[in-house]
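Notes to accompany the following structure.
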Amino acid sequence: MRPTGMLRRRDVLALGAVGALAACGEQPGGAPTSPSAWPGDLPTATGTWQEIPDAPMSARRTPTLTWTGTELLVTGGVGRVVGPTVTCPPNALCEAPPTEPLEGSGAFDPATGTWRALTGGNWFHHGPTWTGRLLTDGWSWFDPATDATGRAPESDLLVYAPAAWSGAEVLCVGTDGSGQPVPHTLWAWDPATGATRTGRVPGPDSGETCHTLWAGDELLVGLTMLPPEAPTVQAYDPVADAWRAVSMGPAVQLLPPGGWDGERVVGLGWAEAELAQLDRTDPTDGTSSPVPLPAALDGRQTVPDLAVAPDRVAVGVGPRYAVLDGDTWTALPALPGVGDDERVTTAWAGDRLVAWDDTLRRTGWWIDLG
C-alpha cells in the first residue's frame, strides 16, 4: 500500500477549485446531492476506531500532526473562538474572530495510549518539517525530547510554503516580498553546523506564493501565475546542487498535492469536470497512474481530506474514510459521532491513521491498520 510566514492569502487557483467543487455538489435546481450509503460495495477493514484520551493541552482545531516514529506530536492549530463570528460577504477581506491562545502541546504514543505534556511547538511562521530530532520551519525550532525551543538563523525571505528536510538540511523557498511577479530563492540551513546558503530557483519570475514537497531525494517547487509555456514545477537535488524542470500531469502541476508515497506524487485529480480520482505521478518521467475515487466516497460537496505517507494513502469526507492498497480501496468503519459536513484533521502514525476532532467536542480517534 503506497500513499506520504503565516499565509497572507490562499492560492487563487486553490480557491477556484473549491468553488468548482461546490458547484459540482449541486444537482439541477440547486439541491445538494445526498451522501452515498457507506461503505457501498467496498470491503471494510476489520479494525475499529479507538478514542484518543483527553489531551494535556488546550483544545484546538486543525493542529499540526507530526509522526516522529514513536510519538505523534500535536502542535499549533487554532483555539476556541472567543469573539463574535463575522458574516463575510463573498470576495470580501474579513478578519477571523478572536480565538483563545494555545496553551501547551503534546506527544501521543498510540502504542500505549498515553500522552506526554509539552510546552513549546505552537508557533511557526510557515509549515514545519521533522528532522528526526527537531520540528522546525527554518526560522524557529522545537525539540520534543527536551521541550526546548530556539531560533534558527535569520532569513529576510518572505516564505509561504512548508519547509522540507533533505536528511542534512532544512530547505525553504521564498521571495523578497517586493510584489508580483518575483524571483524565488532557495534557502538551506544545516542544524548541525548552523551553516546557511541560498540559490536562485530557475524559471521566470512568478507569483509570490509557491508550493513545496519533498519527494524522496528532491525538493519539488510548484510555481504559480506563470505563462502557459513555462514549466510550473522545478525539482532540486541538494546533493548535486542542481535543478531540473519536471514534466507532470495538469492535475498535480500546481501542487500542493497530498504528499509523497515513497515512489510517486499523490494528489486529488479531475475526471470529467469532477474531483473524482487520485493522480499518482512519477516525477522522474512524468508518467501518471490515476485511480478513481470509490463511488461511496462522494466528495462533490467538499474537497476530500487526503493523508499520504510512505506506503499509505487515506481519503475521506466527513466520517467516511477509505484506504488505497495498490489500486484497491478498503473502507474504514465510519468515524463515530462525526457528521457528513464535519471535518477532521488526519495523519498517519506508522500503521495507524489518526483523526483529530476539529469540532473540539473530543480529542479524536485512531485505528490500527497494521
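Residues of the range 99-120 being over 22 Å from Ala148 (Cβ atoms) and surrounded by 13 or more Cβ atoms within 10 Å (Cβ to Cβ), which ones? So that I can check it myself, show each step before the final result.
Pass one, the range 99-120, residues over 22 Å from Ala148 (Cβ atoms): 99-100, 110-113.
Correct list: Thr99, Glu100, Pro110.
So which pairs qualify, if the first residue must be in the range 37-66 and over 19 Å from Leu118 (Cβ atoms), the second must be open to solvent by less than 70 Å² (accessible area, probe 1.4 Å) and of a type in the set (Phe, Trp, Tyr), the Cβ gap must be under 8 Å, and the two must be at least 6 apart or on different chains?
Leu42/Trp329; Trp49/Trp365; Trp49/Trp366; Gln50/Trp365; Gln50/Trp366; Glu51/Trp365
Take the conditions modelled with pLDDT of 95 or more, open to solvent by 10 Å² or more (accessible area, probe 1.4 Å), out of contact with any helix residue (DSSP H, G or I) (no Cβ under 7 Å at 6 or more places or on another chain) and of a type in the set (A, V, I, L, M, F, W, C) and apply them to Trp365. Does it pass?
Working: modelled with pLDDT of 95 or more: yes; open to solvent by 10 Å² or more (accessible area, probe 1.4 Å): no; out of contact with any helix residue (DSSP H, G or I) (no Cβ under 7 Å at 6 or more places or on another chain): yes; of a type in the set (A, V, I, L, M, F, W, C): yes.
Against the criterion (modelled with pLDDT of 95 or more, open to solvent by 10 Å² or more (accessible area, probe 1.4 Å), out of contact with any helix residue (DSSP H, G or I) (no Cβ under 7 Å at 6 or more places or on another chain) and of a type in the set (A, V, I, L, M, F, W, C)), Trp365 does not qualify.
Tell me the strands (runs of 3 or more DSSP E) entirely within the range 268-344 that contain at least 3 residues that are within 30 Å of Trp243 (Cα to Cα), modelled with pLDDT of 85 or more and open to solvent by less than 40 Å² (accessible area, probe 1.4 Å).
Details: elements: 274-281, 305-309, 312-317, 320-325, 328-331.
Those strands (runs of 3 or more DSSP E) span 274-281, 305-309.
Against the condition open to solvent by 10 Å² or more (accessible area, probe 1.4 Å), modelled with pLDDT of 95 or more, under 26 Å from Pro110 (Cα atoms) and assigned to a strand (DSSP E or B), how does Trp348 come out, does it pass?
Details: open to solvent by 10 Å² or more (accessible area, probe 1.4 Å): yes; modelled with pLDDT of 95 or more: yes; under 26 Å from Pro110 (Cα atoms): yes; assigned to a strand (DSSP E or B): yes.
In short, yes.
The values are calculated or read from the model by the stated rules, or taken from the named source; none is laboratory data. Keep in mind it's a predicted model, so treat the numbers as computed, not measured. With ideal geometry, Cβ positions are generated from the backbone for all residues, glycine too; neighbour counts draw on all protein chains shown. Just so you know, the surface numbers come from the protein's heavy atoms only, side chains and all, with ligands and any DNA or RNA stripped out. Shrake-Rupley method; radii C 1.70, N 1.55, O 1.52, S 1.80 Å.
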